[in-house]
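In what follows, a structure is listed as structure tokens, so that the remarks can point back to it.
The values are calculated or read from the model by the stated rules, or taken from the named source; none is laboratory data. It should be emphasised that the depicted structure is a prediction, and the values quoted were computed from it without experimental measurement. Positions of Cβ are generated from backbone atoms using ideal geometry, with glycine treated the same way; all protein chains shown enter the neighbour counts.
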Amino acid sequence: MPTAQQLMRKARRNPYRRPRLLALEGSPHRRGIVYKLTTMTPRKPNSAKRRIAKLRVVYNLKRVFASVPGKGDNLHEYSAVLIRGGSAKDLPGVNYALMRGKLDFLPTESFKRMARRSKFGIKRHINF
């Protein structure tokens, strides 16, 4: 059992604290510059070619991998994008996702999307 003096010097820490997204540094989003676009195969038992972007965060110059959501994209080298937290569960080391419809990253081509529009940068589709 620690003494009061030891606790004053160094407080107890919760061992079950969630890992922080280091590139975001407490922010919900950060701006980044794409410097490599590639594909990656997921872990077992899944099988596909998932599109990922290697990018440099402008704020702190950290280099991270981010998944490219949705079908199709207009990304090139040196495209400015916005990243958010959110790990691709079957891609190891990919702990961020790009935000569609912001900066140089256009929304998905499917403009009739009804569900999960916000993650794909699409406005509400209204039928008259």
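So, in region 43-59, exactly how many residues are out of contact with any Lys or Arg (no Cβ under 6 Å at 6 or more places or on another chain), touching a residue at least 24 places away in the same chain (Cβ under 8 Å) and surrounded by 15 or more Cβ atoms within 10 Å (Cβ to Cβ)? The number of residues fulfilling the criteria is 4.
Search region 109-128 for residues that are modelled with pLDDT of 80 or more and pair each with any residue that is of a type in the set (D, E, K, R) when their beta-carbon atoms are under 6 Å apart and the residues are at least 6 apart or on different chains. Here the result reads Phe120/Arg100; Gly121/Arg100; Ile122/Arg113, each pair linking region 109-128 to a residue that is of a type in the set (D, E, K, R). The sole residue among Arg84, Arg56 that is of a type in the set (D, E, K, R), at pLDDT below 95 and in a strand (DSSP E or B) is Arg84. Among the residues of region 32-42, how many are crowded, with 18+ Cβ neighbours inside 10 Å and among the charged types (D, E, K, R)? Qualifying residue count for the region: 0. Being of a type in the set (A, V, I, L, M, F, W, C), over 19 Å from Met99 (Cβ atoms) and part of a strand (DSSP E or B) is the filter here; which residues of region 1-42 pass it? Correct list: Met40 only.
Only residues that are closer than 17 Å to Ala23 by Cβ and surrounded by fewer than 16 Cβ atoms within 10 Å (Cβ to Cβ) were counted across region 60-84, and they come to 5.
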